[in-house]
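Please treat every number below as a calculation from the coordinates, not as lab data. Not measured: the values here are computed from a predicted model. Here the Cβ is made from the backbone with ideal geometry for all residues, glycine too, and neighbour counts use every protein chain on show.
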Amino acid sequence: RKEVEQDPGPFNVPEGATVAFNCTYSNSASQSFFWYRQDCRKEPKLLMSVYSSGNEDGRFTAQLNRASQYISLLIRDSKLSDSATYLCVVTFHPMEYGNKLVFGAGTILRVKS
Amino acid sequence: DAGITQSPRYKITETGRQVTLMCHQTWSHSYMFWYRQDLGHGLRLIYYSAAADITDKGEVPDGYVVSRSKTENFPLTLESATRSQTSVYFCASSVGGGVSNQPQHFGDGTRLSIL
C-alpha cells in the first residue's frame, strides 16, 4: 500500500463548478500536511498547509481528518487557471524521518469553459 | 532575486556515464532535498541533507551520490547512469525540520534522459 494515495483523475469540470479531492495516508505518525500544485512540466508549488481545524484561503478549503487519516481540498468557483495537478503531501516525525515529505502521485484537474 | 536554481535544465547522456546535477539556494535553508518524478509514482525522495556535511538516504538512493560541503549547494551525482534513471529531478530546500509546518521550495527541475 502506498503511503499517500490520491485518485489520479482527471477531474473534468466546467468553470464555476465546485470540486473536491481526497487523499489518504497510511502512517498515523504523520505530522504535517500540505497541498501542492504542479503545472505541466513545472516544479511543485505550495498551495496551502492543512491544519487540524481546517483552513481556508480564498476559494480553497482544506480539511484534515486524523481519525480516518485523510485530507481533502475543496475548490469553489473553479477557474480555467486552476487546471493543474494537485499533490497531497504528508510529513512524518522529523526525528525519525528527517522532515521527509511523502508525495501522492497527484490528482489532475481540468477546468473547461 | 533569492531562490533555488538547478542546472542543467536539460541533459542527455549515455548509459555508463557519470553525470552531476547541480542545485544552489540563496536562502541559507538548512534542509535540502533531491527528488525524482516519474509517471505514476509522484515525487520520490532520493537523498536529503539537514545541514552542511550531513546527508541521508531517502526512498530511492541506489545509484546516486550526494555531497554538501557548503550550505547553499547540494549536487547529485549519478555514478554510472542507467536508462531507469531517466526522469525529471527536482531539488528543494526548507528552513528546517522540527515539528512546525515547514514547506519545501522547489527548483525548476532537470530533465535527464539516459540513452
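For the options B:HIS105, B:HIS29, B:HIS41, a Gaussian network treatment of chain B with springs between C-alpha atoms closer than 10 Å singles out B:HIS41 as fluctuating the most. Extending 7 Å from Cα along the Cβ direction at B:THR5 and again at A:GLN69 yields two label points whose distance is 4.3 nm. Distance between the 7 Å Cα→Cβ label points at B:SER84 and B:TRP27: 3.3 nm.
Treating r as the C-beta distance of A:ASN27 and B:THR15 and R0 as 30 Å, the FRET efficiency rounds to 0.25.
Net charge of the neighbourhood of A:TYR70, taken over other residues with C-beta under 12 Å away and scored Lys/Arg +1, Asp/Glu -1, is -1.
Using a simple spin-label model with pseudo-atoms 7 Å out from Cα toward Cβ, A:ALA17 and A:CYS40 lie 1.9 nm apart. Loop-located trypsin sites (Lys or Arg not before Pro) in the range A:1-70 (DSSP state other than H, G, I, E, B) with a sparse environment of at most 15 neighbouring Cβ atoms within 10 Å: A:ARG1, A:LYS2, A:ARG41, A:LYS42, A:ARG59, A:ARG66. For the range B:35-59 and the range A:1-75, what is the separation of their Cα centres, given in Å? Measuring centre to centre over Cα atoms gives 21 Å. Treating each Cα of chain B as an identical point scatterer and summing with the Debye formula, the log10 of I(q)/I(0) at q = 0.15 Å⁻¹ comes to -0.60. Across the protein assembly as shown, counting alpha-carbon atoms alone, Rg and Dmax equal 17.6, 51 Å.
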